[in-house]
Each structure stands twice: as structure tokens, then as C-alpha cells.
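Student: To start, I am sharing the structure in question, which I have written as C-alpha cells.
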Ligand SMILES: C[S@@+](CC[C@H](N)C(=O)[O-])C[C@H]1O[C@@H](n2cnc3c(N)ncnc32)[C@H](O)[C@@H]1O
């Protein structure tokens with residue numbers, strides 16, 4: 001029988017599958033099929049997220065091998081979430097919750113424990129209470145985009161619904177970047193970022209989360225690139241002032257209280273991924289205003305906005321990406337400027353800061369400053385307008401603005 005499915009190129013299969021899981025749109029009664037580089041994922045078409053509407057089609061797909069699903073036993077599809085071998089319910093009616101838990105355990109779903117949400121996510125550590133309906137173990141290993149995360153849901157925050165969001169952000173990380181994850185949890189941003197070649201500092205207030213993060217870094221072979229720190233990020237940030245090229249701020253209810261810390265961590269050109277929960281018609285405005293006000297010493301541009309998910313009736317979880325750039329002046333020594341015209345300048349290097357940013361050590365010359373025109377004093381030419389001072393002929397000092405200019 002032809003069943004509704006989403007057809008995507010094989011390399012996009014895992015991304016599509018994750019967003020279908022998050023939207024509760026996967027039709028688990030059928031097998032996934034692959035043919036000629038296209039993967040066919042069975043779905044409930046009504047639940048398919050907008051981004052995959054164009055990929056909707058129909059195809060003959062085999063039933064899963066005589067597997068009994070909870071729906072088979074309940075005659076209705078229960079709303080469940082899976083985290084490793086734990087099944088999570090969100091049922092207000094405890095009798096109904098028990099019935100679903102029993103069906104889950106009697107089905108062929110690989111599951112050791114069934115939990116029901118017993119409180120909202122609360123407190124500084126962002127954890128919740130659970131009712132244990134079946135099994136006893138609250139620690140599990142959850143897989144997300146090829147990474148394994150061991151965690152205990154009773155002790156730490158973790159939401160499998162953020163898988164796509166984390167993927168979108170971490171795919172932007174470049175080799176060699178300095179990434180600071182201010183609210184790292186068990187590492188689902190930090191570990192993929194490190195795997196892409198970034199040096200990562202990952203901080204969390206929750207001791208248990210940091211212990212899991214360290215274990216997860218080892219598990220995923222990135223321990224050498226992740227420095228995990230337990231504590232309040234406001235106390236820890238001084239050590240990394242001016243260090244970060246990218247900052248993740250995934251503490252949506254109170255991220256604005258930590259903006260000053262983020263700005264302290266930011267280097268001269270830094271992207272901040274700022275999460276917020278808003279209920280206004282212009283959901284990005286409060287965050288953007290707060291960022292602009294706090295980062296007044298930078299040129300701020302907003303490079304992306306995303307509605308991550310609906311958080312509660314009338315409330316949205318959103319992300320704002322803000323790029324902070326600072327016009328920086330470095331003192332440079334110019335050797336033998338006389339014979340230089342347009343050419344590469346291997347002899348040009350930053351020496352020390354100008355005193356405007358005390359304590360800042362020298363950085364490599366940014367790529368965009370590699371070639372530019374120099375004044376040749378012997379020819380009595382005028383200095384290029386961007387050269388503020390230039391004197392002497394052998395070893396000269398000059399000031400170059402390093403950003404916001406075309407050389
Ligand atoms: C919403 S969770 C996000 C965890 C992780 N980024 C993820 O996606 O799973 C926020 C985390 O921030 C941590 N946290 C809260 N206040 C903090 C603070 N002042 N300094 C550092 N971490 C903090 C909590 O312990 C929690 O693990």
C-alpha cells in the first residue's frame with residue numbers, strides 16, 4: 001500500500017528524520033526505504049513541518065517486521081518523546097499515563113524506563129521532577145546526529161526537541177574558532193563545535209552536567225578541544241575576556257541578564273547565538289534592543305533570526321544571531337616602507353596594543369589586511385587616507401584601523 005512519506009537526498013536524511021521526530025510526524029509503523037540516493041521516510045502528512053512540505057510524496061513501504069507499537073495496543077497514537085531508551089510522556093491524567101506506560105513496555109519499542117513530566121522545567125539548573133511509571137533508571141545514552149550523550153534526566157537539562165536547532169548553529173562553526181558555550185549542559189552544542197575543529201570552553205552551574213559533559217567529550221573523541229568549567233559563568237568569564245569568536249547563550253528565560261558577560265567574552269569579531277522566550281508580536285525586538293544597548297562599543301549587525309519552537313500557548317522560543325565587530329587600532333611596525341608599493345606584506349606585523357584595550361595581547365594580522373598601499377616617503381607621496389601616522393624611513397610606526405575599511 002502506498003503510504004505518505006517524505007523523499008529527500010540521502011545526505012539530508014538524518015536532518016529530515018530529526019525534524020520529523022521533533023514534529024512528531026514520523027510514522028513508525030513503516031520501514032524507511034532508500035533508492036537511487038533518495039531516502040523515503042514514512043510520515044503523518046498532517047504533522048510534517050513546513051520546510052518539508054515540498055518533499056511530501058507517496059510510496060509503497062513495507063510494514064515494520066511484525067513489531068507491536070504502543071498505538072497497536074492502545075488503539076490510538078500516544079504522544080511520546082524518546083530520549084535514549086527512556087520514553088517521556090506529558091500526561092496530566094495519571095491513569096491515562098499509566099495505561100500508556102504499560103503499552104510502551106508491552107510493545108516492541110526499545111525502552112527501559114517510562115517517565116511522566118511532574119513539574120515544569122524550573123530553577124537555575126533548569127531541571128524538572130518526574131514520575132517514574134515503569135523501570136527505574138533515569139540515566140541513558142541519547143544519540144543525536146551521530147554524537148552520543150550520556151545524561152541523567154533527573155539531574156540535568158536536555159531536550160531532544162532542540163536537535164535541529166543545535167545542528168543549524170553548530171554547522172556554522174569553523175575550524176580553529178574560539179567557541180564559548182555559556183550554559184553548556186551535557187555538551188550538545190560544545191561537542192559538535194569541537195568536532196568541527198573549534199577550541200571550546202563550556203561552562204555550566206550544574207556540577208552533574210559538567211561531569212557528564214566531560215564524559216561526553218571523551219566518548220565523542222573531542223576531550224582535547226573542550227575545556228569544561230563548573231560555576232556561574234559571570235565568575236568564570238574574566239579568564240576568557242576578549243577571547244570568543246562565537247558565543248552560545250542557551251538560557252532563554254534570562255539570557256538578557258548575562259549579556260554583559262557575553263560582551264566581556266567577545267573578541268573583536270564575534271557572533272552571539274542568543275536564545276529568548278517572548279510573547280510579543282515582534283518577538284525579536286526585545287533581544288535585539290538589549291544586545292545593541294549592551295554591546296554599544298561594537299558595531300552590531302543581526303545576521304539571523306529563527307523561531308525555534310512554540311514554547312507554550314502564545315510563547316515562542318527564538319534565536320537571534322548578533323555579530324559584534326569592533327573597530328580596532330593596532331600599532332604596527334613597518335620595515336623599509338620605501339620600496340613597497342602594492343604587495344603582500346609579510347614584514348608587517350602587530351606589535352602591541354595602543355593602550356585603548358589594555359592587557360589585550362597581539363593578534364595575527366587579519367586576512368583582510370594582508371595587502372594594501374603604503375606611503376613611500378622617498379617619492380613624497382601623500383599617505384593613504386587610512387594611514388594615520390607614518391614617520392621615518394627604515395623602522396616606522398603607523399596606526400591602521402583594522403575593520404570596517406576596504407584596503
Ligand atoms: C536551557 S539549559 C541548556 C543546556 C544545553 N545548552 C542544552 O542545549 O542542552 C541551561 C543551562 O544553563 C545552566 N546555567 C544556569 N545558570 C547558569 C549560570 N549562571 N552560569 C552557568 N550556567 C548556568 C543550567 O544549569 C543549564 O544546564
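Student: Could you identify the single residue in 93, 85 that is surrounded by fewer than 12 Cβ atoms within 10 Å (Cβ to Cβ), at pLDDT 90 or above and not assigned by TED's automatic domain parsing to the domain that holds residue 15?
Tutor: 93
Student: Of the residues in segment 265-291, how many are within 14 Å of residue 179 (Cα to Cα) and more than 19 Å from the chain's Cα centre (by Cα)?
Tutor: 1
Student: Would a scan of segment 14-30 turn up a residue that is in contact with a strand residue (DSSP E or B) (Cβ under 8 Å, 6 or more places away or on another chain) and more than 21 Å from residue 82 (Cβ to Cβ)?
Tutor: Scanning segment 14-30 turns up no residue that is in contact with a strand residue (DSSP E or B) (Cβ under 8 Å, 6 or more places away or on another chain) and more than 21 Å from residue 82 (Cβ to Cβ).
Student: Taking segment 176-188, which residues are part of a strand (DSSP E or B) and within 19 Å of residue 125 (Cα to Cα)? First the steps, then the outcome.
Tutor: Initial filter on segment 176-188 (part of a strand (DSSP E or B)): 178-181.
Matches in segment 176-188: 180, 181.
Student: For segment 151-183, how many residues are away from the ligand (no atom under 11 Å from the Cβ), in contact with a helix residue (DSSP H, G or I) (Cβ under 8 Å, 6 or more places away or on another chain) and within 15 Å of residue 206 (Cβ to Cβ)?
Tutor: Qualifying residue count for the region: 1.
Student: Any idea which of (1) touching a helix residue (DSSP H, G or I) at 6+ places or on another chain (Cβ under 7 Å); (2) in contact (Cβ under 8 Å) with a residue 40 or more places away in the chain; (3) outside any loop (DSSP other than H, G, I, E, B) is the one residue 109 doesn't satisfy?
Tutor: Of (1) touching a helix residue (DSSP H, G or I) at 6+ places or on another chain (Cβ under 7 Å); (2) in contact (Cβ under 8 Å) with a residue 40 or more places away in the chain; (3) outside any loop (DSSP other than H, G, I, E, B), only one is false for residue 109: (3).
Student: Additional query: Could you list, in sequence order, all residues of segment 132-170 that are over 25 Å from residue 118 (Cβ atoms) and not in a helix (DSSP H, G or I)? Lay out the reasoning, then the answer.
Tutor: Of the residues in segment 132-170, the ones over 25 Å from residue 118 (Cβ atoms) are 143, 145-148, 164-170.
Once the filter is applied, which keeps residues that are over 25 Å from residue 118 (Cβ atoms) and not in a helix (DSSP H, G or I), segment 132-170 yields 143, 145, 146, 147, 148.
Student: Being under 25 Å from residue 320 (Cβ atoms), part of a helix (DSSP H, G or I) and at pLDDT 95 or above: is that true of residue 173 here? Can you show your working first?
Tutor: On the way: under 25 Å from residue 320 (Cβ atoms): yes; part of a helix (DSSP H, G or I): no; at pLDDT 95 or above: yes.
When the stated conditions are applied, residue 173 does not pass them.
Student: Residue check, residue 220 against (1) within 22 Å of residue 165 (Cβ to Cβ); (2) surrounded by 17 or more Cβ atoms within 10 Å (Cβ to Cβ); (3) out of contact with any helix residue (DSSP H, G or I) (no Cβ under 8 Å at 6 or more places or on another chain), all met but one. Which one?
Tutor: (3)
Student: Here are some residues: 104, 114, 127. Which one is within 33 Å of the chain's Cα centre (by Cα) and within 16 Å of the ligand (Cβ to nearest atom)?
Tutor: Result: 127 is the single residue among 104, 114, 127 that is within 33 Å of the chain's Cα centre (by Cα) and within 16 Å of the ligand (Cβ to nearest atom).
The values are calculated or read from the model by the stated rules, or taken from the named source; none is laboratory data. Fair warning: this is a prediction, and the values are worked out from it, not measured in the lab. Please note: Cβ atoms are built from the backbone with ideal geometry, for glycine as well, and neighbour counts cover all protein chains shown.
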